[in-house]
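The values are calculated or read from the model by the stated rules, or taken from the named source; none is laboratory data. Model, not experiment: these values are computed from the prediction. Backbone-built Cβ (ideal geometry, glycine too); neighbour counts: all protein chains shown. Protein only, heavy atoms only, side chains kept; ligands, DNA and RNA dropped before computing areas. Shrake-Rupley method; radii C 1.70, N 1.55, O 1.52, S 1.80 Å.
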Number of protein chains: 2
Amino acid sequence: MNAPTKIGIGLLGCGNVGSALAQLLLEDSENIARRTGITFELRKVAVRRPSKDRDVSVPAELLTDDASAVVNDPEVDVVVELMGGIEPARGLITRALELKKPVVTANKELMANVGAELSALAQAQGVDLLYEAAVGGGIPLIRPLRESLAGERISRVIGIVNGTTNYILTRMTEDGIGYGAALAEAQGRGYAERDPTADVEGYDAAAKAAILANVAFGASLVSGDVYSEGISDVTQEDIKLAARLGYVVKLLAIVQLGPKDQVGARVHPTMISARHPLASVRLSFNALFVEGDSCGELMFYGKGAGGAPTASAVLGDIIDASHNRSIGSHGRNPLALGGENWPIDEQSSSFYVTIEVDDRPGVLASVASVFGLHHVSIRSMEQSGLKDEARLIFITHRALERDVQSTLHDLRVLPVVRRVGNVMRVLDEDM
Amino acid sequence: MNAPTKIGIGLLGCGNVGSALAQLLLEDSENIARRTGITFELRKVAVRRPSKDRDVSVPAELLTDDASAVVNDPEVDVVVELMGGIEPARGLITRALELKKPVVTANKELMANVGAELSALAQAQGVDLLYEAAVGGGIPLIRPLRESLAGERISRVIGIVNGTTNYILTRMTEDGIGYGAALAEAQGRGYAERDPTADVEGYDAAAKAAILANVAFGASLVSGDVYSEGISDVTQEDIKLAARLGYVVKLLAIVQLGPKDQVGARVHPTMISARHPLASVRLSFNALFVEGDSCGELMFYGKGAGGAPTASAVLGDIIDASHNRSIGSHGRNPLALGGENWPIDEQSSSFYVTIEVDDRPGVLASVASVFGLHHVSIRSMEQSGLKDEARLIFITHRALERDVQSTLHDLRVLPVVRRVGNVMRVLDEDM
């Protein structure tokens, strides 16, 4: 056994994840050294207000409000960025990489927007920039995608990557409560922010989808390239109808390869078969489902948020970067295949569509003809009476998004149609 | 981008997995090079009978029956062993490592019995010995355990690591057929061998449990250290009773850390809550469930066998070893913490026990007193009539294996007891 390597850690940010990490580094250092041969020393912690009371007793002499000083400190070998947001994180990470210091970050917003630029800099400098914790919290998924599946022809990755919305949908499904009540409960339990927009409208999941597209397919998507639709319009009725048809409603991030090596990334509520492994991912758990030519179907499951699980993923990256640094090396270059963004209009899905119509002869024919006109073929239809009106529930075969949107547009102006109800995509399992 | 690295591959064995790997290396080489920057060339393939017809058209000039020649060939940079069994694989791998050639193997029997010796040699030689495919087929789990969770305090790993038995149990559970019929069906579908002993008696799972113990806890267990019990005694009645109590029966490999850092590994049919993520692992799928102090609960799920998925894992290792070789490095040393074997007698579990007794006053008291005498406390009891006898169904609190075995021994000789029926361990979820 070689003499133990000593690595100085500089921490930027000491919130939920930062505190959990500091605690691990301060209190579990001996165990970590025994398992890895590396002794970590927390050298400096940049926080906004060094005088604030903290849950974890980080020694006062480590705290500073000068983040640049942490990055520049010659005693800091590895920089860990847990501040969140794009600036000043971007500038600080750039500086660290210029100093050839490996960087570990859990910052999804940063990686989903300027990840390509930072990865290119890290590569040019020959140091690691690792971000396992940016997607799926404590679940190891970036490293398996990047390394274990490096040679695999992946066709699609599907993630439940937002715990807040999964919690809300699970409560709505299992206990029959409405969206508002489930959201309030999630807020009460600390799973949702007071302003829940980023979670419930799918923006958080969209940033993660962009990162997954880049890791799995070597794309260079940013958050804004990802089509996203949230769960705030999902009703009890949708969930009950889905259940009757053998489906569960989940907010999925779907990233897939197009016919010309384009990469499409989208986030929306989706009906999936109750027997699909993702259907059993309950409450605030996250999971990533991977489909590949050789590996078949894989799933990675665990806690997608929270201080301790996220700190666990950050620690794994710190160990990796430190190991690489100690042998004068760095991890593999990120995949950069340059696939174009595949716009949602050109992707296809099956759809579930409910339509309320006048209940009289010939109505079904005129509704069905609108689908036919736009080349959307129907897999199944159910009709139920509703006084003098009827409700039609369609599930389509896989069809181009653009064609389905044109169909919906035309249906809305059809005289016999009183209302086009909710529309939801259905996950195809025969990719 | 650097000029592409060329790596010569020597393959030992060309059965199910070997053929799938050869096909990837021969037909998908361009895609792999694009994704990894490494061009793989299949240089030589050792088979028992080079003249045999094969599914994959490996060019005849690559085939040889001289395995040593493959290892010694200076054009072979990385040796891939897919022959199975201990000898001659062990000798060939030893020779390859002595030549400082990285080795990738999918051989669970080898790694579960002489893995420590081979890993030590690889470490001394400064080359990689990788075996992702030896447990869980196509599922990336060795690398995440070794790298992503390197700093994690793992308390327990629980695996469904044998697809044959999981297929049989799934069919028994979902379709109500008996063990014999389910086994015959598994054989018909090619999921079970004509002689199914190694699978159904738990020996295959025990070898994998030993490997998991060594990877997750740095133990040095061999197959023979693992307590194992198969599924051939599991009845429809057990499965139905389990279902009524909210449980599912699975053959689990359970590896856990003892109070004095001992490592216990065991394989047996187990009742787990129907809501546990492992309960939804159906048919021939495998999964590994990991419990750690910081990461919480993780699960890795996928295809545990089959040519293509296993070849996918082997390819991941080949890429890793080649990347390391090209930068003159090798992967991290395997964890070696030297934990003692924790014998099953000293481990504890909850148990489910059915007992048929005479139906008369005082019987329950005398049965219960036997449990009490051995310090086994009862969590729940149900009684049902059966003509002049009664059946008692007990679930115990967690108790020492040794105490439960003494209890069962004494119950069997108790005059009022007609028969002690099936006994099954119940997974504790409150570790």
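Key figures
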{"quantity": "Spin-label model distance (nm) - B:R189 vs A:L400, 7 Å beyond Cα toward Cβ", "calculated": "3.9 nm"}
{"quantity": "Candidates per GluC sites (Glu not before Pro) in region A:368-431, loop by DSSP, up to 16 other Cβ within 10 Å", "calculated": "A:E429"}
{"quantity": "Innermost chain B residue relative to the axis carrying B onto A, by Cβ distance in angstrom", "calculated": "B:S280, 2"}
{"quantity": "Net charge dipole size for region A:173-331 [Lys, Arg +1 and Asp, Glu -1 on Cβ; Debye, nearest 20]", "calculated": "300 debye"}
{"quantity": "Against the rule of thumb 2.2 N^0.38 Å, how large the Cα Rg of region B:1-55 comes out", "calculated": "1.26"}
{"quantity": "Of the DSSP H helices in chain B, those whose Cα atoms cover at least 20 Å axially and whose Kyte score averages 0.0 or more", "calculated": "B:108-125, B:203-217, B:307-326"}
{"quantity": "Shape category assigned to region A:51-174 from the gyration tensor of Cα positions, a/c cut at 1.5", "calculated": "oblate"}
{"quantity": "Tail beyond 22 Å, pair distance distribution of region B:309-407 (Cα, percent)", "calculated": "57 percent"}
{"quantity": "Accessible heavy-atom area order of B:K101, A:K108, A:K260, highest first, probe of 1.4 Å", "calculated": "A:K260, A:K108, B:K101"}
{"quantity": "Computed Rg/Rh of chain B, alpha carbon atoms with Kirkwood Rh", "calculated": "1.04"}
{"quantity": "Region A:276-407: relative contact order as a whole-number percent, Cα under 8 Å and 6+ apart", "calculated": "20 percent"}
{"quantity": "Volume per residue of the C-alpha convex hull in region A:240-323, rounded to whole Å³", "calculated": "151 Å³"}
{"quantity": "Shape call, region B:196-272: gyration tensor on alpha carbons, a/c limit 1.5", "calculated": "oblate"}
{"quantity": "For region A:256-319 versus region A:54-98, the gap between their alpha-carbon centres in whole angstrom", "calculated": "30 Å"}
{"quantity": "Relative contact order of region A:276-348, pairs being alpha-carbon contacts under 8 Å that are 6 or more residues apart, as %", "calculated": "17 percent"}
{"quantity": "J(HN,Hα) series, region B:128-145, from Karplus relation 6.51 cos²θ - 1.76 cosθ + 1.60, nearest Hz, glycine and proline x", "calculated": "7, 10, 10, 8, 3, 7, 6, 10, x, x, x, 8, x, 9, 5, 5, x, 4"}
{"quantity": "Computed over region B:354-431, the ratio Rg/Rh where both radii use C-alpha atoms and Rh is Kirkwood", "calculated": "0.96"}
{"quantity": "Förster radius 45 Å - calculated FRET efficiency between B:I378 and B:K6, Cβ distance, rounded to 0.05", "calculated": "0.10"}
{"quantity": "Compactness index (Cα Rg / 2.2 N^0.38 Å), region B:107-246", "calculated": "1.20"}
{"quantity": "Burial order of peptide ranges A:294-300, B:244-250 (average beta-carbon count within 10 Å, highest first)", "calculated": "A:294-300, B:244-250"}
{"quantity": "Inter-label distance, nm, simple model (7 Å from Cα along the C-beta direction), B:S366/A:L337", "calculated": "7.3 nm"}
{"quantity": "Total accessible surface hidden between B and A, rounded to 100 Å², 1.4 Å probe", "calculated": "4600 Å²"}
{"quantity": "For q = 0.05, 0.07, 0.09, 0.10 Å⁻¹, Debye-computed log10 I/I(0) when each Cα of the protein assembly as shown counts as one equal scatterer", "calculated": "-0.30, -0.59, -0.97, -1.17"}
{"quantity": "Residue among B:E81, B:E109, B:E98 with the largest mean-square fluctuation in a Gaussian network model of chain B, springs linking Cα atoms under 10 Å", "calculated": "B:E98"}
{"quantity": "Loop sites in region B:1-65: trypsin sites (Lys or Arg not before Pro), DSSP, at most 10 other Cβ within 10 Å", "calculated": "B:K52"}
{"quantity": "Nm distances between copies for B:H409, ranked from closest, using label points 7 Å along Cα→Cβ", "calculated": "8.1"}
{"quantity": "Share of carbon and sulfur in the accessible heavy-atom surface of the protein assembly as shown [1.4 Å probe, %]", "calculated": "48 percent"}
{"quantity": "Distances in nm from B:N72 to the matching label points in the other copies, shortest first (labels 7 Å along Cα to Cβ)", "calculated": "6.3"}
{"quantity": "Average beta-carbon neighbours from other chains, 10 Å sphere, peptide B:323-331", "calculated": "3"}
{"quantity": "222 nm mean residue ellipticity, helices alone, for chain B (DSSP H n ≥ 4; -39,500 (n - 2.57); rounded to 500)", "calculated": "-10500 deg cm²/dmol"}
{"quantity": "Placed amide H near A:L63: partners under 5 Å, 5+ positions off or other chain", "calculated": "A:V45"}
{"quantity": "Chain B: relative contact order as a whole-number percent, Cα under 8 Å and 6+ apart", "calculated": "16 percent"}
{"quantity": "FRET efficiency, 1/(1 + (r/R0)^6) with R0 51 Å, evaluated for A:L245 and B:A69 via beta carbons", "calculated": "0.25"}
{"quantity": "Debye intensity ratio in log₁₀ form over the Cα atoms of region A:351-394, taken at each q of 0.24, 0.25 Å⁻¹", "calculated": "-0.85, -0.91"}
{"quantity": "A:V103 accessible area, 1.4 Å probe, all protein chains in place, Å² to nearest 10", "calculated": "0 Å²"}
{"quantity": "Alpha-carbon Debye profile of region A:1-116, log10 I(q)/I(0) at 0.11, 0.16, 0.19 Å⁻¹", "calculated": "-0.35, -0.73, -1.01"}
{"quantity": "Label point 7 Å beyond Cα along the C-beta direction, distances from A:E174 to other copies (nm, shortest first)", "calculated": "2.2"}
{"quantity": "Rg ratio (alpha-carbon, reference 2.2 N^0.38 Å) - region B:124-174", "calculated": "1.55"}
{"quantity": "Separation of alpha-carbon centers, region A:383-415 and region A:150-209, rounded to whole Å", "calculated": "27 Å"}
